[in-house]
Amino acid sequence: AGQRHPFVVAWQHYIDVPGLKSAASFNCPRLMAKRFCPACARVDSLRATGNPVDYDLAGEVRANKRVYASVINRAAPERGPVVWGFGKQIHERLIALAQNPDWGDYTDPGPDGYDIAVLRTGLDKKTKYDLQGARTCTPLSNDAAEASEWLNMSRDLGQFTLVPSDEEIARMLPGWSSGPPAAATRGAQAGPPGGRRRRAADDVVDADDFDEVT
């Protein structure tokens, strides 16, 4: 709140790997550090086959935009600032709202800021999000001391843009090559399309977990 850039943006792979209890989730070395990425190499190989099934599987492996912001959940303000993780839909709508001259700066912690409600419809891959700004402006908190405390408590969002080493990725994707791959075998080492639902990290609130933020 009140900062010039309220978001950090990451490009994240989320891959179901057979035999592992949880999906492998990591920031993309190719898109974020200009390094070789075994997941992106698998995407390239699958798309190159021309097979529609392979192309769909590539969509399950490719990196997706993941955005993080520090927010106050009005339904649970006692928690103080929490990290909110969301995707492309919400990010685009937040940017559009910020660029709309009819609205002010929702990141302002003072009286000119305003709350934003997240409206959700649909389920799973058909989920759609929209945002609605509050009609009246409200400060971050009516208690100036609490507002100051919340601002000081805000997490450093830079940690969510860290890219793992090649060794760390190799441990997350056992059996995946750490170098340029041979031709991919359809579906090898990747989970089935439409597998486990993407789950936010334990210290991140997902867009599905609450409906109103500021």
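The values are calculated or read from the model by the stated rules, or taken from the named source; none is laboratory data. Note that the coordinates shown come from a computational prediction; the quantities given were computed from them, not determined experimentally. All Cβ positions, glycine included, derive from the backbone under ideal geometry; neighbour counts span all protein chains shown. In case anyone asks, the SASA skips ligands and DNA or RNA and just uses the protein heavy atoms, side chains included. Shrake-Rupley method; radii C 1.70, N 1.55, O 1.52, S 1.80 Å.
Of all trypsin sites (Lys or Arg not before Pro) in region 22-118, which ones are in loop regions per DSSP and have a Cβ with at most 16 other Cβ atoms within 10 Å?
Values: sites: Arg30, Lys34, Arg35, Arg42, Arg47, Arg62, Lys65, Arg66, Arg74, Arg79, Lys88, Arg93; in loops: Lys34, Arg35, Arg62, Arg74.
Passing both the DSSP loop test and the Cβ count: Lys34, Arg35, Arg74.
Determine the gain in length on full extension of the stretch Arg171-Phe7; use 0.36 nm per residue of separation and subtract their C-alpha separation, reporting nm with one decimal. Show your work: numbers first, answer last.
Working: separation 164, 0.36 × 164 = 59.04 nm, distance 2.93 nm.
Roughly 56.1 nm would be gained on extension.
What number comes out for accessible area per residue over region 66-157 if the probe is 1.4 Å? Units Å², please.
Working: 5360 Å² over 92 residues.
Accessible surface, normalised per residue, equals 58 Å².
How far is the Cα center of region 90-164 from the Cα center of region 30-67, in Å?
Taking the Cα centre of each part, region 90-164 and region 30-67 sit 31 Å apart.
If I histogram all Cα-Cα distances within region 30-80 using bins 5 Å wide from 0, what percent of pairs lands in each bin?
4, 18, 17, 14, 11, 7, 7, 10, 8, 4, 0
Using modelled backbone amide H atoms (1.01 Å from N, in-plane), which distant-in-sequence or interchain residues come within less than 5 Å of Thr107's amide H?
Sorted by chain and number, the residues that satisfy this are Gly2.
Which whole-number percent of Cα pairs in region 1-126 have a distance greater than 21 Å? Don't skip to the end; give the middle numbers.
Working: 4335 of 7875 pairs.
When all Cα pairs of region 1-126 are counted, 55 percent exceed 21 Å.
Find, among the chymotrypsin sites (Phe, Trp or Tyr not before Pro) in region 101-158, those assigned to loop by DSSP (not H, G, I, E, B) with at most 16 other beta-carbon atoms within 10 angstrom.
Counting only loop positions with at most 16 other Cβ atoms within 10 Å, the chymotrypsin sites (Phe, Trp or Tyr not before Pro) in region 101-158 are Trp103.
Assuming R0 = 45 Å, can you tell me the calculated FRET efficiency for the pair Asp105 and Ala48, based on Cβ-Cβ distance, to the nearest 0.05?
Working: r = 46 Å, r/R0 = 1.02.
Efficiency computed from Cβ-Cβ geometry: 0.50.
Please compute the length gained on full extension between Glu149 and Thr136, using 0.36 nm multiplied by the number of residues separating them and subtracting their Cα-Cα distance. Let's see the in-between values first.
Working: separation 13, 0.36 × 13 = 4.68 nm, distance 2.35 nm.
So the extension gain works out to 2.3 nm.
Of Lys34/Lys65; Lys21/Lys65; Lys65/Lys125, which sit over 22 Å apart, Cα to Cα?
Values: Lys34/Lys65 16 Å; Lys21/Lys65 24 Å; Lys65/Lys125 15 Å.
Over 22 Å Cα-Cα: Lys21/Lys65.
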